[in-house]
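Heads up, the thing below is written out as structure tokens.
The values are calculated or read from the model by the stated rules, or taken from the named source; none is laboratory data. Just so it is clear, the structure is predicted and the values come from calculations on it, not from any experiment. Cβ coordinates were reconstructed from backbone atoms using ideal geometry, including for glycine residues, and neighbour counts include every protein chain displayed. Only protein heavy atoms, including side chains, enter the accessible area calculation; ligands, DNA and RNA are left aside. Shrake-Rupley method; radii C 1.70, N 1.55, O 1.52, S 1.80 Å.
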Amino acid sequence: MAGGPIAPKLRNATTTPLTGIYNSPYRPKKVWPPDFSKLSEKEQFRFERRYKRRVKLATARPRWDKLVRLTQLFSVTFVLIYSVLFMDWNTEKQPFQGVRDTVFGAFGPLSPDQRHKRQNPDIEAITNSK
């Protein structure tokens, strides 16, 4: 078998690698990045705008951005609600006492202390309304 086929590893080793800057036989049409000193201001602006747009698209992470925005919104909302309704300000007069009274007054009928008032309707007021 003197004239048999060459093993694949040996076949690849016998070819000479391409020399020069590029390993591809196809040369690029334009040099990148361009030499900005040789370009006009209009061409420089066009390249900068294109590059910024491509970078913005490549680095866009919509799911992550949405998660960060929602986390910020919920944390700020929680801190505001806690500080207005529940936080002890260590002062003689609470600055948000009027807001607290209004909010807790609105949710007061839902408390377990006033459950019996909700369960016993006024029968006379219902029958006299006809």
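Things worth noting here:
- Flag if residue 91 is polar (S, T, N, Q) and at pLDDT 90 or above: no
- Given (1) modelled with pLDDT under 90; (2) touching a helix residue (DSSP H, G or I) at 6+ places or on another chain (Cβ under 9 Å), number of the condition residue 126 does not satisfy: (2)
- Residue match in the range 103-121 (condition: modelled with pLDDT of 70 or more, among the polar types (S, T, N, Q) and open to solvent by 90 Å² or more (accessible area, probe 1.4 Å)): no
- In the range 32-80, residue nearest to residue 100 (Cα to Cα) [restricted to those that are modelled with pLDDT of 95 or more and of a type in the set (Ser, Thr, Tyr)]: 77
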